[in-house]
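Notes follow once the structure below has been shown.
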Amino acid sequence: MDILLPYCNSLTKYSRLKTREGMVGKVGIGGNNPIRVQSMTVTNTMDTDATAKEAIRMIDAGCELVRITAPSIKEAHNLKNIKDELYICGYDVPLIADIHFTPNAAEIAAQIVEKVRINPGNYTDRKQFKVTEYTDSAYKEEIERIRSRFVPLIRICKRNKTAIRIGVNHGSLSDRIMSRYGDTPLGMVESGMEFVRICEKEKFYNIILSMKSSNPVVMVHANRLLAAKMIESGKVYPIHLGVTEAGEGEGGRIKSAIGIGTLLEDGIGDTIRVSLTEKPENEIPVAKMIVSRYAERKSYKSKNDLDVQPVNPFEFKRRESTTLNNVGGENPPRIIADFSRQKEIRPSELNAIGYKYLKDKWHISDQAADFIFVGDQSINFELPSGLAIIQNAEVWQNLKNSYPLFMSNEYFQTKSKKSNILNFVSINSSDIDVEIFEKIKAESTIILILETNNKHGMAEQRRFIFELIKNDISVPTIMKRNYSRLDTKQLLIDSSIDIGALLIDGLIDGVWLESNQSPQFINKTSFGILQATRSRITKTEYISCPSCGRTQFDLPEVTAQIRKETEHLKGVKIGIMGCIVNGPGEMADADYGYVGTGSGTIALYKGQKVIQKNIDTKDAVKALIDLIKEYRDWVEK
Ligand code: SF4
C-alpha cells in the first residue's frame, strides 16, 4: 500500500533525505551538499553574446547552475561558444542543456556541457494526444525502442562525466504512460523510472530526477511518491524541484514557494528552480529566500516522531471537519484579517480586505476576508454582511455577528461568558495533551486557532492535526502564524510554505496571518495562497511559462496585457506559452491557451484543442477575448 510507504526521514524533525551524490561538473548535488539554486536563460541560444551576458547576470545573483535550451543540433553546437565566452569572462559555473524531442542535439550537448536535461515524455516520442491501449508486449517493445535511442546518450555522458536530469513534466507525459497510468503522480514517477532503469542497466548513476507540474498539489504528490519509490528501491537519486509555468509577480512566487517549500520542509529536494515569467535573474533571490529557511533548521526543537501517518501523502483529501456557521465542512478555507493593532477602525479601512462602502451600501469583492479580529477594540458601524467580528473574550459583548476569542486554558478552566454559536479557542500546537483533546472533543461550538512558535512550525502544526484525526476530533481548525518580524518579500515566501503545505494536504479550514505589514498585503497574500493550492478560487488562474530560447514573443509583456484584460474572470485558467513545441503539453490544465507558433504568430486553444492558428500577435489578445466570449466564460468588468 502506497499509504504506508515512507517518503521522508521524519514528519516531525527536520531531516534531509540522504541521496546519492550527483556531480554536475565540480558542483555536487544531493549527498551532503547544500541545496543548490539554478535557473534558465531566456535568450536565443544562437545569440552567444546575449546568452553569456544573461548567464553572467544570473550567476552574479547567486545562480549555481545555468540551463540553456538546445532545441536542435545548431544550438547544441553553439553551447561551446557560450561556454568559452563565459570562461573568458571568468565564469565556470556548470551549464545544462535543455532538450526536448531531439536526441541528436542531446548527444552533441553532452560532450560540451556538464549536464543534459531530457524530458522522458518527449525524448523519443511525439505526443499524439491519443489514448491507446498498450498490451504488455507492445509496452515492452516501446521500452526497447526508447532504450535503443537513449543508450547512446548514456554512453556519451559516461565518457564525458556528464550528468543527466530525467525531467518529467505533468503536462507532457507520453501516450504510453497516459494509457497505462493517466496523468497521475504515479504516471509521472513511472515515466521517470522507465529511464532510470535504462541508466542503471548501463551502470550509469549520475542521475538527477524532477517531477514538475504547474499545479503545486500534483507536483508535491509526484515528488513524495518519487522519493517513496526510490527509498523502497534502495537507490535514492538527487531530486530537482520546481513548479512549472508558475507565472509572474506575487502569484508566481507564492506558487513556487508552496510547491518547492512543502517538499523541502520534509527534507526532499537537492536543487531548486523558481520559474517566473520574468527576467531569470529575478528568480534567484526568491530561490535563495526559500533555501535559506533550511540552513539552520536541523537544530530546532522537535517532537517525537509519529508512529502512523493518518493521511495519504500521495493524494488530496480534505480533512473531515464539522461545519460551524460558514467554517469547516465543505466550506472553503476562511480568512481572518487582523486589525487588533489599528488604533481606530473606520469603514474606509475595510477597503484593504475587500469591502468598499459606496453610495450607501457595501460592495464586496471576491477577495473579501470572512472575519475581522479587533482584539480589545470594538466596531462602531454596521459591518457588511459576510464579515463577522472576533473579539478578545474579556471584552466580548455578545453582539450580532461577533464571537469571542479565548486562550485554551481560559476557555476550559473558567466559567467566562461564551457564545452559544461560535467560540474561537487559541491553542499552541506543542500542547498535544490527551486531557485537552478530550475536552475539545466534548465541545460543539469551538473553532481552534492553532498557533506555533516552533521554527519547524509547519511540521508541529501538522502533527497536531494528525493527532486530531487519530483521536477522531473533527473540530474546524484555523492556522495562525505570526510574521511580525518579516519584510513583505520573506513574509510572502514563509507564509506560502507554512500555510500552503497544510492546505496541500487539505488539513485546515482557515488562515490567520499576523504581521505589521499592511492589511491589504496580508489579505492578498492569504487569498493568493488559497488560490495557488486551489483551496479557494477567487481570481483568474494564469499558467504562463518562464520563457526560454524557444520563445516566440515577449512573454512578460503579453502576460501583462492578457492579465489586464482578463483578471476579473474568476476561476478561468489561461495558459500563456512561448512555443508550440512544449506549450500545449505544459498548459494541459488550462481552459484557454495562447501559444507562440512562429515569429509574430499565435495559436489559440480551448483546452487541448487548437481553435485558431496563425493569428498576428497584434490581434491575438482580442482574439483570445473573443474566444472566451464564444465559450461563455466572459463576464463584463
Ligand atoms: S513552453 Fe515556454 S519555457 Fe517551455 S520550451 Fe516553450 S518557450 Fe520554452
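The values are calculated or read from the model by the stated rules, or taken from the named source; none is laboratory data. Because the structure is predicted, anything quoted here is derived from the model rather than measured. Reconstructed Cβ throughout: ideal geometry from the backbone, glycine too, with neighbour counts over all protein chains shown. For accessibility, only protein heavy atoms count, side chains too; no ligands or nucleic acids. Shrake-Rupley method; radii C 1.70, N 1.55, O 1.52, S 1.80 Å.
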Of all residues making up the stretch 321-331, the number that are farther than 16 Å from Tyr403 by Cβ and in contact with a Gly (Cβ under 8 Å, 6 or more places away or on another chain): 1
I need the full set of residues from the stretch 60-71 which are open to solvent by 20 Å² or more (accessible area, probe 1.4 Å) and within 16 Å of the ligand (Cβ to nearest atom), in order please. Pro71
Has the stretch 502-524 got at least one residue that is open to solvent by less than 10 Å² (accessible area, probe 1.4 Å), within 16 Å of the ligand (Cβ to nearest atom) and touching a strand residue (DSSP E or B) at 6+ places or on another chain (Cβ under 9 Å)? no
Positions within the stretch 242-265 being of a type in the set (Asp, Glu) and either within 16 Å of the ligand (Cβ to nearest atom) or closer than 21 Å to Ile207 by Cβ (or both), in sequence order: Glu245, Glu248
Enumerate the pairs (first residue in the stretch 530-550 and within 12 Å of Val572 (Cβ to Cβ) and at pLDDT 90 or above; second residue anywhere and within 10 Å of the ligand (Cβ to nearest atom) and assigned to a loop (DSSP other than H, G, I, E, B)) with beta-carbon separation below 8 Å, excluding pairs fewer than 6 apart on the same chain, so at least 6 apart or on different chains. Ile543/Glu245; Ile543/Met587
If Ile29 satisfies all but one of (1) farther than 14 Å from Cys548 by Cα; (2) within 16 Å of the ligand (Cβ to nearest atom); (3) β-branched (Val, Ile, Thr), what's the number of the condition it fails? (2)
Could you please give the count of residues in the stretch 369-400 that are basic (Lys, Arg) and either assigned to a strand (DSSP E or B) or closer than 25 Å to Arg536 by Cβ (or both)? 0
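Surrounded by fewer than 18 Cβ atoms within 10 Å (Cβ to Cβ), in contact with a Pro (Cβ under 8 Å, 6 or more places away or on another chain) and over 19 Å from Ile508 (Cα atoms): is that true of Ser419 in this structure?
Considered against the rule, which asks whether it is surrounded by fewer than 18 Cβ atoms within 10 Å (Cβ to Cβ), in contact with a Pro (Cβ under 8 Å, 6 or more places away or on another chain) and over 19 Å from Ile508 (Cα atoms), Ser419 comes out as yes.
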Say whether the condition of being over 29 Å from the mean Cα position of the chain (by Cα), closer than 29 Å to Ser172 by Cα and outside any strand (DSSP E or B) is met by at least one residue in the stretch 83-96. no
Name the residues in the stretch 587-610 that are surrounded by fewer than 20 Cβ atoms within 10 Å (Cβ to Cβ), closer than 14 Å to Tyr631 by Cα and within 13 Å of the ligand (Cβ to nearest atom), would you? none
Across (1) touching a His at 6+ places or on another chain (Cβ under 9 Å); (2) aliphatic (A, V, I, L, M); (3) closer than 18 Å to Ile529 by Cβ, Ile254 clears everything bar (1)
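When residues of the stretch 422-441 are filtered for being open to solvent by less than 80 Å² (accessible area, probe 1.4 Å) and farther than 15 Å from Gly328 by Cβ, how many remain?
Final tally of qualifying residues: 11.
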Exactly one of Lys359, Lys343, Lys317 is surrounded by fewer than 13 Cβ atoms within 10 Å (Cβ to Cβ), closer than 19 Å to Ser474 by Cα and basic (Lys, Arg), and that residue is Lys317
What helices (runs of 4 or more DSSP H) completely inside the stretch 173-292 contain at least 2 residues that are open to solvent by 10 Å² or more (accessible area, probe 1.4 Å) and of a type in the set (A, V, I, L, M, F, W, C)? 185-201, 216-233, 280-292
By residue number, the members of the stretch 527-548 that are more than 9 Å from the ligand (Cβ to nearest atom) and in a loop (DSSP other than H, G, I, E, B) are Thr533, Arg534, Ser535, Arg536, Ile537, Thr538, Lys539, Thr540
Search the stretch 176-211 for residues being within 19 Å of the chain's Cα centre (by Cα) and either among the polar types (S, T, N, Q) or within 18 Å of Gly30 (Cα to Cα) (or both), and hand back the single one that is modelled with the lowest pLDDT. Thr184
Suppose we keep only residues that are touching a residue at least 60 places away in the same chain (Cβ under 8 Å) and either closer than 15 Å to Ala110 by Cα or part of a helix (DSSP H, G or I) (or both) within the stretch 37-59. Which one would you say is most open to solvent (accessible area, probe 1.4 Å)? Arg57
Kindly indicate the residue of the stretch 549-586 that is among the charged types (D, E, K, R) and near the ligand (Cβ under 9 Å from one of its atoms) and also surrounded by the fewest Cβ atoms within 10 Å (Cβ to Cβ) among those meeting that condition. Arg550
Taking the stretch 156-201, which residues are under 20 Å from Pro94 (Cα atoms) and touching a residue at least 40 places away in the same chain (Cβ under 8 Å)? Ile156, Cys157, Lys158, Asn160, Lys161, Thr162, Ala163, Ile164, Arg165, Ile166, Gly167
Selection count where residues are in contact (Cβ under 8 Å) with a residue 12 or more places away in the chain and not in a helix (DSSP H, G or I), scope the stretch 554-569: 3
